[in-house]
Amino acid sequence: MNKYVITLAKTCLGCKKPSCRTGCPVGTPIPEMIRLFLAGDIKEAGKMLFENNPLSVICSMVCPHEKHCEGHCILTKKGTAVSVGSIENYISDLYIHDVQFEKPTKNGHKVAIIGSGPAGIALAVILASKGYEITMYDAHDKIGGVLRYGIPDFRLNKEILDTIESKLRQLDVTIRPNITIGKNITVGDLFRDDFKAVFIGTGVWAPKKLGIKGESLGHVHFAIDYLKSPDVYQLGKRVVILGAGNVAMDVARTAVRHHAKEVIIMYRKGMDDMPASKHEIECAKIDGVKFELYKQPLEITEEGVKYSCTDGSEEVGLLEADSILVAISQSPNNNIVQSARQIEVDGKGLVITDESGRTTMEGVFASGDVVTGARTVVEAVAFSKRVATAIEEYVGTL
């Protein structure tokens, strides 16, 4: 047993009205988790966490805890919050590697899940456990979506995704990799082949561009593409990242680990205005990432980025760079909606749904980033839990 984790758990006050649980999008029963852990019922604690959140082991590593559970801990008023993530990870990691699922008795209903990211995995576990025959489709060769191809290895060891895949197979989930629904196979084909409901959880993989001169030059790359396979890029010694969200921080820290000598984040506003979490910004600083603030990119040249200052000085300059990475958000691909016009999207290309994930096409549901835009893993799980209920209600009426 890890003495450090025990010490962390003992800092919990066991509040009768735990604000930490209120602050968690999936309502993780944190005081109960800690009580069971300290009482020696770690397997029961792990089971409880998994049933509440099938991606508990992932969320415990990548969640912005300072925004959710830990940020709502009453101890933050006096100093340091309970380290919920560390405790949850210790419990969940033990459980997911130890548990063995029996194949559920089938209930005769087939559900197609398009996309194997957080939203799709959570829904697959929930519905498969209840006997639904689940087939999961993904454009990549391995499951995980943004977890595998958008989060750096130093933040999330991908071996845990292989473990989760083995648990999905224990639940008799069929996984069909390397297929893009909307091209050779459409949503209509899925309904033709007796799927009772279709779920879209394809995330946001189309990078947004700046729309400035020089963006097509050979030393310019999009952040989401770089994160998929950073080993294939030769960025040089001096790298500039345009953007200041969490993806920008991930890209910057990845470039540091791939031997860039100088990594700089350029942002048009100040440090306090950055959309990235404070924790991720601090991690980037610790890794040696530099920040050039109040600079608006005007043009990309072979030498670097031309910019104008936004601090009122109207200065124009050039920030030299061997490579430039554009990290200003992503939008969904449109493969599915082009072949299923009944599915309406908004001006950003995001699928329009109600609060339970029902799209404008009967029998089709959606959740996660393809609906909300880029958000956290735990928010995707919370959304998928509502979708699971809606799908069960819908199938029950057929």
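The values are calculated or read from the model by the stated rules, or taken from the named source; none is laboratory data. Just so we're clear, the structure is a prediction, and the values are computed from it rather than from any experiment. Glycine gets a Cβ as well: all are built from the backbone with ideal geometry, and neighbour counts include every protein chain shown.
General remarks:
- On the stretch given as region 63-95, residues that are among the hydrophobic types (A, V, I, L, M, F, W, C), modelled with pLDDT under 95 and surrounded by fewer than 20 Cβ atoms within 10 Å (Cβ to Cβ) total 2.
- Some residue of region 70-82 being within 24 Å of Ile126 (Cβ to Cβ) and not β-branched (Val, Ile, Thr): no
- Criterion applied to Ile324, Ile328 was being outside any strand (DSSP E or B) and closer than 30 Å to Arg375 by Cβ, and the one residue passing it is Ile328.
- Which numbered condition Ser60 fails, given (1) in a loop (DSSP other than H, G, I, E, B); (2) closer than 24 Å to Arg386 by Cα: (1)
- Residues located in region 88-142, provided they are more than 29 Å from Cys69 (Cβ to Cβ) and of a type in the set (D, E, K, R): Glu102, Lys103, Lys106, Lys110, Glu133, Asp138, Asp141, Lys142
- Selection status of Val305, crowded, with 18+ Cβ neighbours inside 10 Å, β-branched (Val, Ile, Thr) and not in a strand (DSSP E or B): no
- Scope region 197-223; condition outside any loop (DSSP other than H, G, I, E, B) and modelled with pLDDT of 95 or more; matching residues: Ala197, Val198, Phe199, Ile200, Val220, His221, Phe222, Ala223
- Some residue of region 186-196 being over 30 Å from Ser339 (Cα atoms) and at pLDDT 95 or above: no
- Going through (1) outside the structural domain of Thr353 (by TED's automatic domain parsing); (2) under 21 Å from Asp369 (Cβ atoms); (3) small (Gly, Ala, Ser) one by one, Gly211 falls short only on (2).
- Only listed residue being touching a strand residue (DSSP E or B) at 6+ places or on another chain (Cβ under 9 Å), within 28 Å of Asp225 (Cβ to Cβ), free of Cβ contacts under 8 Å to residues at least 40 places away in the same chain and not β-branched (Val, Ile, Thr), chosen from Gly304, Gly317, Gly347: Gly317
- Qualifying residue in region 273-289 (condition: more than 24 Å from Pro230 (Cα to Cα), surrounded by fewer than 15 Cβ atoms within 10 Å (Cβ to Cβ), among the charged types (D, E, K, R) and modelled with pLDDT of 95 or more): yes
- Against the test of being outside any helix (DSSP H, G or I) and not assigned by TED's automatic domain parsing to the domain that holds Pro177, the options Thr76, Thr11 yield a single qualifying residue, Thr11.
- Residue match in region 348-366 (condition: closer than 26 Å to Gly214 by Cα and assigned by TED's automatic domain parsing to the domain that holds Asp189): yes
- Considering only residues in region 217-254 that are within 22 Å of Ala374 (Cα to Cα) and among the small types (Gly, Ala, Ser), the one that is surrounded by the fewest Cβ atoms within 10 Å (Cβ to Cβ) turns out to be Ser229.
- Note on region 141-185: residues that are over 17 Å from Ala128 (Cα atoms), of a type outside the set (S, T, N, Q), more than 13 Å from the chain's Cα centre (by Cα) and assigned to a loop (DSSP other than H, G, I, E, B) total 9.
- Selection of region 375-393 for residues being part of a loop (DSSP other than H, G, I, E, B) and buried (at least 20 other Cβ atoms within 10 Å of the Cβ) yields only Thr376.
- Qualifying residue in region 35-42 (condition: at pLDDT 90 or above, part of a loop (DSSP other than H, G, I, E, B) and buried (at least 18 other Cβ atoms within 10 Å of the Cβ)): no
- Failed condition for Ala255, given (1) in contact with a helix residue (DSSP H, G or I) (Cβ under 8 Å, 6 or more places away or on another chain); (2) closer than 26 Å to Lys213 by Cβ; (3) modelled with pLDDT under 95: (3)
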